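The values are calculated or read from the model by the stated rules, or taken from the named source; none is laboratory data. Bear in mind the structure is a predicted one, so any value in this text is a computation, not a measurement. Cβ: placed from backbone, ideal geometry, glycine included. Neighbour counts: every protein chain shown. Ligands, DNA and RNA are excluded from the accessible area calculation, which covers all protein heavy atoms including side chains. Shrake-Rupley method; radii C 1.70, N 1.55, O 1.52, S 1.80 Å.
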Amino acid sequence: MSGMLGSIDCTHVEWLKCPRHLKGQYTRGDHVVPTIMLEITASQNLWIWHAYFGAPGSNNDINYKRGYYLTDGIYNKYSTSVKAYPYPTEPKEKRFKKLQEGAKKDVERAFGVLKGKWKILRRPLRPLIKDKIGHYVYAACILHNMVIKGDGRAISPVHIMDQPVQPVWDDTFYAELLNEDIHHRLRYDLTEHVWPQDLEHLDD
């Protein structure tokens, strides 16, 4: 999809040795046991860009400053995220929903590959300390990326460090990030951009 940076999604793994005083914080209604939420950003070739663990093109002459990530219904309506239409009624919306969900499968496949290749993420995790679980997750992601790089499928086989820059905090960015109008306008513009394209396989 035009301008897409990647996809964001999360999954849960059971925390077997969760301390008693943390069980309420790490237990949700849809999980009967304490879990740790794993969240990753992945690209179409399963290259993992970022991992986090913790508790649960335009056609209207509008210049979008930043790229965007594909997300699902659990994420907020940020200006840098594009969610599928929850209840599409128009043919344009239905086509865009199929394209968005199809493009978002990269991160879902990444979870399947991670848990399939590194079985430790499929079993209940035994560490008592959450930071140690984080080390497990980061190690699995690093090993996964090393395999991708070894197969020649890396986005950037040679990583060149950028020149250090002085961080600058822009107060206007936070308000822009939370702007739901930009979120809806971006999704609408992408829907209009996708509609005239030859994507007959989405109309079945």
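Summing Lys and Arg as +1 and Asp and Glu as -1 over all other residues whose Cβ lies under 12 Å from the Cβ of C18 gives a net charge of +4. Share of the range 70-155's accessible area from carbon and sulfur, percent, 1.4 Å? About 58 percent, which is the carbon plus sulfur part of the accessible surface. Net charge within 15 Å of T27 by Cβ-Cβ distance, Lys/Arg positive one each and Asp/Glu negative one each, not counting T27 itself? After counting each charged neighbour, the total is +3.
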